Structures are given as structure tokens and as C-alpha cells.
Amino acid sequence: MLSRYITLFIFFAIHIHANSQISEKIKKEAKDQSTYALELCKNLHENPELSFQEFETSKKLSAELRKNGFEVTNNFGGNNVVGVFKNGDGPVIMLRTDMDALPLEEKTGFKFASVKKSTDSKGNQVPVMHACGHDIHMSVCMGTVRSLVSLKNEWKGTLIIVAQQAEEVSGGSSKAIESGLFSKFPIPDCALAFHINPELESGTVGLVGGTVFAGVKTVEIVVYGKGGHGAYPEKCIDPIVIASRIVLDLQTIVSREMSPLEPVVVTVGSIHGGTRPNIIPDEVKLELSLRYYSVEAIEKVIVAIRRICRAASQMAGMPDTKLPDVKVLPVETPPVVNNSKLSEKLQGFATEIIGSQNVLNVKPSMVAEDFGKYGLTPERVPICLIWLGSTSHDLLKELDAKGEKPAPLHSPVLNPDYAKTIETGILVMTNNVIRLAKKN
Ligand SMILES: [Zn+2]
Ligand SMILES: [Zn+2]
């Protein structure tokens, strides 16, 4: 009996020793690669490209993948790049990074700040900035690629890198999936991604099992009226008054018709009607952004929106032939649902490599990400999106003392702690892949 315990003890001791040896190798590799990745990040930050225009960015990433021995497919449904690295029998692991930037004028004052302008899809000249951290995601991804290639004797399996276009307009992942991502390339056993989070300190990661990001639907409403001179309201039906009533009544959907335990947002983000003070217009246009976690909930919300619009117009005396048009746009982003088992596993891996104090349980959020679509195909690939803390300890402390919060994503003064965020990202993701595809 005693000898059995001794054998077990020796087995665990060897196991722990081997594990910590691998951890040390991963830490050294992540540190080494972070210098390269930081330079890449500055270069990408200075040269941002809008959604569906990631021509140069995708070239840079595919060149790096090729250099590291990946089989690379360019222009996979647009500017998407797919890189495959086969390293023996083992699990297929997909890592996804997004590549696009936003139409924003950068105001950070960084040495490598963007001064770039591009033509958007409507033909307007707009400034461009990486204000959602996709420059960091790409750099972490490429740093992880280099680490994993350098440590290829520590793992067995297939690594698939998807450098994805147009995350910001939610068109990139659909194009990759429709082009046959899961039929032309091996089906992943899991798909992982990072998103930076300015509210979390650099050096930390945040994990959520289950729904982590909300789904989005966009609704366009045209409210009709009977226009005329502003001096003769009695001869008109004013669509501005109807639209105003609709805006207020929409607020009661979440507060009065939905369970308080059901996360839903109804935001009227734009309202346009009229040209002059003395003209009652014929119509008013509204644009709504809806956020949700469950399909049943959002269907209920849409039914309520239609009912409120119809009722407000009827109450104002509009005929049935001129009731509001309520259009739910076909482009939508489903919620991102992290596979709970996978998320738990990754939480354990992250705890081993950066310590439990740096692995945070975070709350789900109402922002959206089109990464969720990879988990909703018939292949039902388990996915996990990990928050990557991106604001320095000192800055968080300084802001906290003033009662302020760090600049959020999509801010022209987004201020990530680039070096530490990138190194942590490479460290955690390299460790994830090695632990998931352990040699024995
Ligand atoms: Zn964004
Ligand atoms: Zn983003």
C-alpha cells in the first residue's frame, strides 16, 4: 500500500515538475515574442484600414503566417486570411483575430497615432483609427503563432488562424463561414479569440461561461404623416408628434413588458424628420439598435415595437394604408455564447500561467462581437472569447482617485497598456493551445 502511495507521489511530482518546466518555456517565449508583436502593433495602429478594406493588413498577416510555415489562403470571402499549421495528430484549434478599424479621428497624441483617411462605403472621406484594439488582437495572434511554432515540440495537433475582416460591421465571420471555412479546412475542436477590455487591468484576463456578448438587431422605422404648413396643424397629421410618442412608448417595452431578469436593450440611436420650422413633414425616420441574449426575448420585443408604432399612428388618425413601416435589417449579430466547459478549462490554464489573482470572473456585457457566429454553424464548434485586460495599473489607480473610468472601446483617446497587454495575450493564448494539445 505504502509503495503505491510512493509511486503516485513520484508520478505527481514528475508531472508537476514537467508542467512547471513547460510553463517556464512558455513565459520565456511569450516575453521574447512580445518585442516583435509590440512593433507589429505600432505599425498596424499607424496604418488602420476600414471594414472590408483590410487589403494591406491582410497581406502583412499572411506574409507572417507563411514565414512561420503555415499554408495560407488569402482573400477567403473578401480579405479574410486562413492559415493552417499541421503539427502531427491532435486536436484542431482555431484562433481568430479581427483586422478592421473604425471611422474615427484619433486624439491620443501617441507617436504612432494614425493620421490616415480613407473613403468609406458611402464615398465619404473619413479618418481611420484602431479604437477597438484589433491592432492588439492581431499582434497577440501573430506573437502566439511565433511562440507556438518555436515550441512545436511541446504540442501536437493542427492550428488554424483566421484573420477576419469586417468585425465592426458584422460581415466578416459570415463571409468566412459561407465561403466554406469548416468544409475546406479541418473542423476545429474549439475556436478561441481575445477582445481587449479597458476596464480590466493589463496583465489580467476575464472569462465568462455562457453568454458573454449580446446579440444585435437593427430596426428602421418610417413614420408617415400628412405634411403641410406649420401654421395649419388642423389640416395636417404631424409625424414628428407620432414619432415622439413612439420613442417614449418604446421605453416601456424593457421596463414594463420584459422580465427584469431578461437582458434586453432598446435604443433609438437616430431620428430624422423635417427641413424647416414652418413645415410639417410627411415622414420621420427612426433607427433602433436592439440588444438581446435570447431569441424568444428579442422576438417579443419586435412584436411590441410593431404594435406601439401601429397604435401611435392609428391614434393620430393615420389611415391603415399609411401606418409605419417597421423593417428589421437582415444583417445581424447573434449573441456570443462561450462553451461553459471550455471556458472553465481555460480559466484553469490561465490560473496556472498568470495566477488566480489575474484571472477574473467578469459579468456578461451588452456589446456585440461577430465571433459568436463560428459557434452557431451545424458543426457546433465550441467557442470561447476571452477578455484581455488592457489598462495599466497606474492609470486605473489615477483615474479611480478622480472618480473616472478609462476611455472605453471606440473612443478616440483609447489608451491601452500595449506592452503588458500584448505579452499577457501571447502568454495566455500560447499556454491555452499547448495545454489543449498536450503531447501526452
Ligand atoms: Zn468595435
Ligand atoms: Zn472589437
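The values are calculated or read from the model by the stated rules, or taken from the named source; none is laboratory data. Because the structure is predicted, anything quoted here is derived from the model rather than measured. Cβ sites come from the backbone with ideal geometry, for glycine too, and all protein chains shown count toward neighbours.
Quick check on my filter: what residues within segment 87-126 are surrounded by 16 or more Cβ atoms within 10 Å (Cβ to Cβ), away from ligand 1 (no atom under 16 Å from the Cβ) and not in a loop (DSSP other than H, G, I, E, B)?
Listed by number, the residues that qualify are Asn87, Val92, Ile93, Met94, Leu95.
Which of the strands (runs of 3 or more DSSP E) found entirely inside segment 291-361 contain at least 1 residues meeting this: surrounded by 18 or more Cβ atoms within 10 Å (Cβ to Cβ) and out of contact with any helix residue (DSSP H, G or I) (no Cβ under 8 Å at 6 or more places or on another chain)?
In segment 291-361, the matching strands (runs of 3 or more DSSP E) lie at 336-338, 359-361.
Residues in segment 193-204: is at least one over 30 Å from Glu106 (Cα atoms), more than 15 Å from ligand 1 (Cβ to nearest atom) and of a type in the set (S, T, N, Q)?
First, the residues of segment 193-204 that are over 30 Å from Glu106 (Cα atoms): none.
Looking for residues that are over 30 Å from Glu106 (Cα atoms), more than 15 Å from ligand 1 (Cβ to nearest atom) and of a type in the set (S, T, N, Q), one finds none in segment 193-204, hence no.
If Glu283 meets every condition in (1) surrounded by fewer than 16 Cβ atoms within 10 Å (Cβ to Cβ); (2) closer than 30 Å to Ala231 by Cα; (3) out of contact with any Ser or Thr (no Cβ under 7 Å at 6 or more places or on another chain) apart from one, which number is that one?
(1)
If I filter segment 49-56 for residues that are surrounded by fewer than 17 Cβ atoms within 10 Å (Cβ to Cβ), within 23 Å of the chain's Cα centre (by Cα) and within 16 Å of ligand 1 (Cβ to nearest atom), do I get at least one hit?
No - not one qualifying residue is present in segment 49-56.
Every residue, every condition in (1) closer than 30 Å to Lys345 by Cβ; (2) touching a Lys or Arg at 6+ places or on another chain (Cβ under 7 Å); (3) within 16 Å of ligand 2 (Cβ to nearest atom), yes or no:
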| site | (1), (2), (3) |
| --- | --- |
| Pro378 | yes, no, no |
| Glu398 | no, no, no |
| Lys402 | no, no, no |
| Pro406 | yes, no, yes |
| Leu409 | yes, no, yes |
| Pro412 | no, yes, yes |
| Asp417 | yes, no, no |
| Lys420 | yes, no, no |
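Which one of the conditions (1) part of a loop (DSSP other than H, G, I, E, B); (2) surrounded by fewer than 19 Cβ atoms within 10 Å (Cβ to Cβ); (3) out of contact with any helix residue (DSSP H, G or I) (no Cβ under 8 Å at 6 or more places or on another chain); (4) not polar (S, T, N, Q) does Ala131 fail to meet, given that it meets all the rest?
So the condition that Ala131 fails would be (2).
Mind checking which pairs have a first residue in segment 179-199 that is among the aromatic types (Phe, Trp, Tyr) and a second that is at pLDDT 95 or above and within 16 Å of ligand 2 (Cβ to nearest atom), Cβ under 7 Å, 6 or more apart or different chains?
Phe194/His137; Phe194/Val140; Phe194/Ile386; Phe194/Leu388; Phe194/Gly425
Which is at pLDDT below 95 and crowded, with 16+ Cβ neighbours inside 10 Å, of Pro382, Pro416, Pro406, Pro364?
On the way: Pro382 fails: at pLDDT below 95; Pro416 fails: at pLDDT below 95; Pro406 fails: at pLDDT below 95.
One residue alone meets the criteria, Pro364.
Restricting to segment 44-64, give me the number of residues that are under 22 Å from Thr421 (Cβ atoms) and in contact (Cβ under 8 Å) with a residue 24 or more places away in the chain.
The number of residues fulfilling the criteria is 10.
Out of the residues in segment 128-173 that are within 16 Å of ligand 2 (Cβ to nearest atom) and hydroxyl-bearing (Ser, Thr, Tyr), state the one that is modelled with the highest pLDDT.
Restricting to residues being within 16 Å of ligand 2 (Cβ to nearest atom) and hydroxyl-bearing (Ser, Thr, Tyr), the top hit is Ser139.
Is it the case that Val254 is aliphatic (A, V, I, L, M) and not in a strand (DSSP E or B)?
yes
Quick check, is Pro239 farther than 30 Å from Thr144 by Cα and either among the acidic types (Asp, Glu) or surrounded by 22 or more Cβ atoms within 10 Å (Cβ to Cβ) (or both)?
Details: farther than 30 Å from Thr144 by Cα: yes; either among the acidic types (Asp, Glu) or surrounded by 22 or more Cβ atoms within 10 Å (Cβ to Cβ) (or both): yes.
Yes: the conditions hold for Pro239.
Could you please find all residues in segment 386-417 being under 18 Å from the mean Cα position of the chain (by Cα) and either aromatic (Phe, Trp, Tyr) or part of a helix (DSSP H, G or I) (or both)?
Correct list: Trp387 only.
Does segment 50-67 contain any residue that is under 18 Å from Pro186 (Cβ atoms) and out of contact with any Asp or Glu (no Cβ under 7 Å at 6 or more places or on another chain)?
yes
Which of the residues belonging to segment 276-290 are touching a helix residue (DSSP H, G or I) at 6+ places or on another chain (Cβ under 9 Å) and either assigned to a helix (DSSP H, G or I) or in contact (Cβ under 8 Å) with a residue 60 or more places away in the chain (or both)?
Listed by number, the residues that qualify are Glu283, Val284, Lys285, Leu286, Leu288, Leu290.
Would you confirm whether any residue within segment 208-222 is crowded, with 17+ Cβ neighbours inside 10 Å, aromatic (Phe, Trp, Tyr) and farther than 27 Å from Ser343 by Cβ?
no
Within segment 179-190, can one find any residue that is crowded, with 24+ Cβ neighbours inside 10 Å, over 30 Å from Ser313 (Cα atoms) and within 16 Å of ligand 2 (Cβ to nearest atom)?
No, segment 179-190 contains no residue that is crowded, with 24+ Cβ neighbours inside 10 Å, over 30 Å from Ser313 (Cα atoms) and within 16 Å of ligand 2 (Cβ to nearest atom).
I'm checking my understanding of the structure. Among residues of segment 134-151 that are of a type outside the set (A, V, I, L, M) and within 16 Å of ligand 1 (Cβ to nearest atom), which one is surrounded by the most Cβ atoms within 10 Å (Cβ to Cβ)?
Here the answer is Asp135.
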